[in-house]
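Enquirer: If you scroll down you'll find the structure; I have some questions about it.
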Amino acid sequence: MTGTIEDERIRPWAAVLRVPTTAGRMYFKEAVPYHAHEARLIEILARRRPELVTEVAVADERGRMLMRDGGVQLSAVLEGDLDLRYWEEALPLYAELQIAATPAADELVAAGALDRRARVLPAVFDELVAARAEGLTDEEQRELHALAPEVQRFVEQVASQAVPETIQNDDFTDGSIFIRDGSYRFLDWGDACVSHPVFTLTVTQRVIEIRHKLPLRSKEIERVRDAYLEPFTRFEPREELELMVEPARRIGQICRSAMRLDAEQTDAYADEPDELAWSLRLLLDPEAWRTWDD
């Protein structure tokens, strides 16, 4: 060490400290037990594409990590340069990481990634909607139950295609992407699951549209989506992949809502009682967020 350890980010679910060392700036991260598997997931991903994930110098059995500096967070870059090209550059690399991790799907689940593969998705959905979440109306609960056939259709659609299920960050935002010397690294894997990879768009497309103030069905978001889908054309024609986008954006919210239901059992999320209801409303309507400021 060459100086004082300082707070970088302190959140209810994790603390990150900045550590100056003779080897350069490093970061210590300790998460709540619910996310303690993150270090194990990074280790598995690093065996396949080490240049695309967090460089972990050391980690312990509790998931505490000492990480090398990943660069500048994309959220900070966008504050000064609100350019979609960063997403167009980063998303295909993230897709390549997903493809590279395909053979490790079972290992990732065993290491702690949530299993949200198609074969278990109907059961996950049934458990999610079994009881009405606090804040939902009876009508919204009935609408959720009515989605069961759509969930089943998506499962059958996935089974008919060759796109493999793999790691899916499930909270892939401009806070998860870091840039250093023109290269991208992807951090923060605590929310990861193993699922259909295009479920990434459930959160990521929404984040891009919010950050860049893009209208519904904009040409800009189509361009970004095309960049993300391109690596998967080795499995299916682009036309088939495009047919997956809108169903995946809706059904992918099952992953987010189920994670929220699980996480609500931890102290880290105890102060967010309405989050599950809002997450479920996005399952009913992926564009519902557009009215949140009304």
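The values are calculated or read from the model by the stated rules, or taken from the named source; none is laboratory data. Keep in mind that what you see is a predicted model, and the values were worked out from it rather than measured. Reconstructed Cβ throughout: ideal geometry from the backbone, glycine too, with neighbour counts over all protein chains shown.
Enquirer: With the requirement that a residue be over 15 Å from residue 97 (Cα atoms), in contact with a Phe, Trp or Tyr (Cβ under 9 Å, 6 or more places away or on another chain) and either part of a strand (DSSP E or B) or at pLDDT below 95 (or both), what does the range 45-68 give you?
Expert: 65, 66, 67, 68
Enquirer: Ok, one more. Quick one: which residue in 213, 219 is on the phi > 0 side of the Ramachandran plot and either touching a Cys at 6+ places or on another chain (Cβ under 8 Å) or not aliphatic (A, V, I, L, M) (or both)? Spell out how you get there, then give the answer.
Expert: Numbers: 219 fails: on the phi > 0 side of the Ramachandran plot.
Sole residue among the options that is on the phi > 0 side of the Ramachandran plot and either touching a Cys at 6+ places or on another chain (Cβ under 8 Å) or not aliphatic (A, V, I, L, M) (or both): 213.
Enquirer: Moving to a separate point now. Can you tell me which residue among 53, 32 is under 20 Å from the mean Cα position of the chain (by Cα), surrounded by fewer than 19 Cβ atoms within 10 Å (Cβ to Cβ) and in contact (Cβ under 8 Å) with a residue 60 or more places away in the chain?
Expert: 32
Enquirer: Does residue 192 qualify as being over 18 Å from residue 288 (Cβ atoms), under 18 Å from the mean Cα position of the chain (by Cα) and in contact (Cβ under 8 Å) with a residue 24 or more places away in the chain?
Expert: Numbers: over 18 Å from residue 288 (Cβ atoms): yes; under 18 Å from the mean Cα position of the chain (by Cα): yes; in contact (Cβ under 8 Å) with a residue 24 or more places away in the chain: yes.
In short, yes.
Enquirer: Still on this model: Name the residues in the range 209-228 that are in contact (Cβ under 8 Å) with a residue 60 or more places away in the chain and surrounded by fewer than 23 Cβ atoms within 10 Å (Cβ to Cβ), would you?
Expert: 210, 211, 212, 216, 220, 223, 227
Enquirer: I'd like to verify a number: residues in the range 10-31 that are more than 17 Å from residue 56 (Cβ to Cβ) and at pLDDT below 90, how many?
Expert: Total meeting the criteria: 4.
Enquirer: Follow-up. Could you go through the range 251-266 and let me know if any residue there is outside any helix (DSSP H, G or I), at pLDDT 95 or above, of a type in the set (S, T, N, Q) and closer than 26 Å to residue 75 by Cα.
Expert: Taking every residue of the range 251-266 in turn, none turns out to be outside any helix (DSSP H, G or I), at pLDDT 95 or above, of a type in the set (S, T, N, Q) and closer than 26 Å to residue 75 by Cα.
Enquirer: May I ask you to say which residue of 117, 180 is closer than 22 Å to residue 36 by Cα and basic (Lys, Arg)?
Expert: Working: 180 fails: closer than 22 Å to residue 36 by Cα.
Answer to the check: 117.
Enquirer: Also, quick follow-up: Going residue by residue through the range 110-128, is there one that turns out to be of a type in the set (Gly, Ala, Ser), in contact with a strand residue (DSSP E or B) (Cβ under 9 Å, 6 or more places away or on another chain), over 26 Å from residue 280 (Cα atoms) and surrounded by 17 or more Cβ atoms within 10 Å (Cβ to Cβ)?
Expert: no
Enquirer: Given the residues 209, 140, 134, which is the only one that is modelled with pLDDT of 95 or more and more than 22 Å from the chain's Cα centre (by Cα)?
Expert: 140
Enquirer: Also, quick follow-up: Looking at the range 114-210, what strands (runs of 3 or more DSSP E) fall wholly within it and have at least 1 residues that are closer than 24 Å to residue 78 by Cα?
Expert: 166-168, 177-180, 183-186
Enquirer: Of the conditions (1) modelled with pLDDT of 95 or more; (2) in a helix (DSSP H, G or I); (3) not charged (D, E, K, R), residue 34 satisfies every one except a single condition; which number is it?
Expert: Single failed check for residue 34: (1).
Enquirer: What's the number of the condition residue 10 fails, among (1) closer than 25 Å to residue 260 by Cβ; (2) touching a residue at least 24 places away in the same chain (Cβ under 8 Å)?
Expert: Status for residue 10: all satisfied but (2).
Enquirer: Kindly list the number of the only condition in (1) surrounded by fewer than 20 Cβ atoms within 10 Å (Cβ to Cβ); (2) at pLDDT 95 or above that fails for residue 167.
Expert: The single condition residue 167 does not satisfy is (1).
Enquirer: What residue, among those in the range 75-105 that are in contact (Cβ under 8 Å) with a residue 24 or more places away in the chain and more than 18 Å from the chain's Cα centre (by Cα), is nearest to residue 53 (Cα to Cα)?
Expert: 77
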